[in-house]
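Inspection log for the structure reproduced underneath, given as structure tokens.
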Amino acid sequence: MKLPQPITLAPEPVTLADGTVHTFTPLTIEDLEVTIVDQVNKQRVSVKFANIPGSLGLWHGTEYSLMGDYTQEQVDKRILQRLNKPDPKTVLEGMFVKHASKVV
């Protein structure tokens, strides 16, 4: 999936529960390699991006039920909607922080 403009991600270091400081190498991306994860039993669709930890939720619960079969175009549109709240750089960098805080 092509991004409207390149984004350089430079997440701030995170101190883990054991006191170890985890740093991230800055990464400039122009495209997102997307893997769709459809969890029927949990009524949830999310996506994972290559080189970025964690996942981004697209639809769940009632939204999932109402969505039915979705197209790649709908997935791409929803990804852009989710990335733009507040902006793609902040959302993607936040995925690093959430992931690192779970590491023990």
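The values are calculated or read from the model by the stated rules, or taken from the named source; none is laboratory data. Because the structure is predicted, anything quoted here is derived from the model rather than measured. Note that we place each Cβ from the backbone using ideal geometry, even for glycine, and neighbour counts take in every protein chain shown.
Taken across the range 5-13, residues that are assigned to a helix (DSSP H, G or I) and at pLDDT below 90 do not occur at all.
Yes/no matrix, rows are residues, columns are (1) charged (D, E, K, R); (2) touching a residue at least 60 places away in the same chain (Cβ under 8 Å):
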position: Leu9; (1), (2): no, yes
position: Asp18; (1), (2): yes, yes
position: Asp31; (1), (2): yes, no
position: Val37; (1), (2): no, no
position: Leu56; (1), (2): no, no
position: Val75; (1), (2): no, no
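Considering each residue of the range 85-95 in turn, at least one proves to be surrounded by 11 or more Cβ atoms within 10 Å (Cβ to Cβ), of a type in the set (Gly, Ala, Ser) and within 13 Å of the chain's Cα centre (by Cα).
Taking into account only those residues within the range 61-70 that are part of a helix (DSSP H, G or I) and surrounded by 15 or more Cβ atoms within 10 Å (Cβ to Cβ), which is modelled with the highest pLDDT?
So in the range 61-70, the residues part of a helix (DSSP H, G or I) come out as 62-67.
Then keep just the ones that are surrounded by 15 or more Cβ atoms within 10 Å (Cβ to Cβ); that gives 64, 67.
On the way: Tyr64: 93, Met67: 88.
Per the stated criteria, the residue is Tyr64.
Take the conditions (1) modelled with pLDDT under 90; (2) touching a strand residue (DSSP E or B) at 6+ places or on another chain (Cβ under 7 Å); (3) on the phi > 0 side of the Ramachandran plot; Gln43 misses just one of them, which is (1).
The residues listed here are Glu73, Glu30; of these, the one that is touching a Lys or Arg at 6+ places or on another chain (Cβ under 9 Å), outside any loop (DSSP other than H, G, I, E, B) and surrounded by fewer than 13 Cβ atoms within 10 Å (Cβ to Cβ) is Glu30. Only one entry in Gly54, Gly19 is surrounded by 13 or more Cβ atoms within 10 Å (Cβ to Cβ) and not in a helix (DSSP H, G or I), namely Gly54.
Being surrounded by 10 or more Cβ atoms within 10 Å (Cβ to Cβ) and part of a loop (DSSP other than H, G, I, E, B) is the requirement here; does Lys48 meet it?
Values: surrounded by 10 or more Cβ atoms within 10 Å (Cβ to Cβ): yes; part of a loop (DSSP other than H, G, I, E, B): no.
No, not satisfied.
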